[in-house]
Amino acid sequence: MKPEETVDYNFKVCWHAISRMYNTEAAKNDITTSIGFVLLNIDQQAGTPATKIAPLLGLEARSLTRILKSMEENDLIYKVSDARDKRLVRIFLTEKGLEKKEVSRKTVLHFNHKVREQIPQEELDVFFKVCGRILGMIENKNIY
C-alpha cells in the first residue's frame with residue numbers, strides 16, 4: 001500500500017497544510033497556531049481553569065504549561081487563583097489577548113467559510129462522521 005493510500009497519511013498531510021496556513025496568518029499577528037487555539041478556548045467572563053484547556057486541545061499538560069507561560073510573558077493572559085479553592089487557577093485574557101483572540105476567530109471562520117463554499121454539506125457530513133468514528137475507535141482503544 002502506498003503511503004498516500006493510508007488514512008493516517010491523509011489526515012497528517014491535510015492537518016499539516018492547515019497548520020502551515022494558520023501559522024502563516026498567526027505569524028502576521030505575532031502569535032502561533034497553538035496560542036490562537038488556546039485563546040479561542042478561554043472564557044473571558046468566567047475564566048477558564050488551566051486544567052480544562054489541555055484536554056480541549058489534545059495537548060499534554062507540559063506543552064500547555066509552556067504555551068501559557070509564553071502567553072503570560074507576552075501579556076496575552078493573566079491568572080487568577082480561585083477564591084474558594086486556591087489550587088484552581090483560572091486563565092483570563094488581557095486586552096491584547098482579546099485582540100489576538102478576535103484575529104484567531106476571524107481566521108478560523110474565514111477558513112471554514114472557504115471550505116464550505118467549495119465542499120458540499122453532504123460531503124462534510126460524511127467527513128465529520130468518519131472522523132468521529134475514527135476518534136471513537138482510538139478513544140475506546142478499539143484499534144489494537
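Only the coordinates and a few stated rules stand behind these numbers; no lab work does. As the structure is a computational prediction, the values presented were derived from the model and not from experiment. Every residue, glycine as well, gets a Cβ built from its backbone with ideal geometry; the counts of neighbours run over all protein chains shown.
Of the peptides 93-103, 55-65, 111-121, the order by per-residue mean of other Cβ atoms within 10 Å, starting with the highest, comes out as 93-103, 55-65, 111-121.
Taking Ser104, Ser34, Ser81 in turn, the Gaussian network model of the chain (Cα-Cα springs below 10 Å) assigns the largest fluctuation to Ser81.
Solvent-free Debye calculation, one equal scatterer per alpha-carbon of the chain: log10 I(q)/I(0) at 0.09, 0.11, 0.13, 0.18 Å⁻¹ equals -0.37, -0.54, -0.73, -1.17. Taking every alpha-carbon pair under 8 Å whose residues sit at least 6 apart, the chain reaches a relative contact order of 20 percent. Dipole size of the chain about its Cα centre, with +1 on Lys/Arg Cβ and -1 on Asp/Glu Cβ: approximately 420 debye, rounded to the nearest 20.
For the residues Arg84, Arg105, Arg20, a GNM of the chain with alpha-carbon springs under 10 Å puts the largest fluctuation on Arg84.
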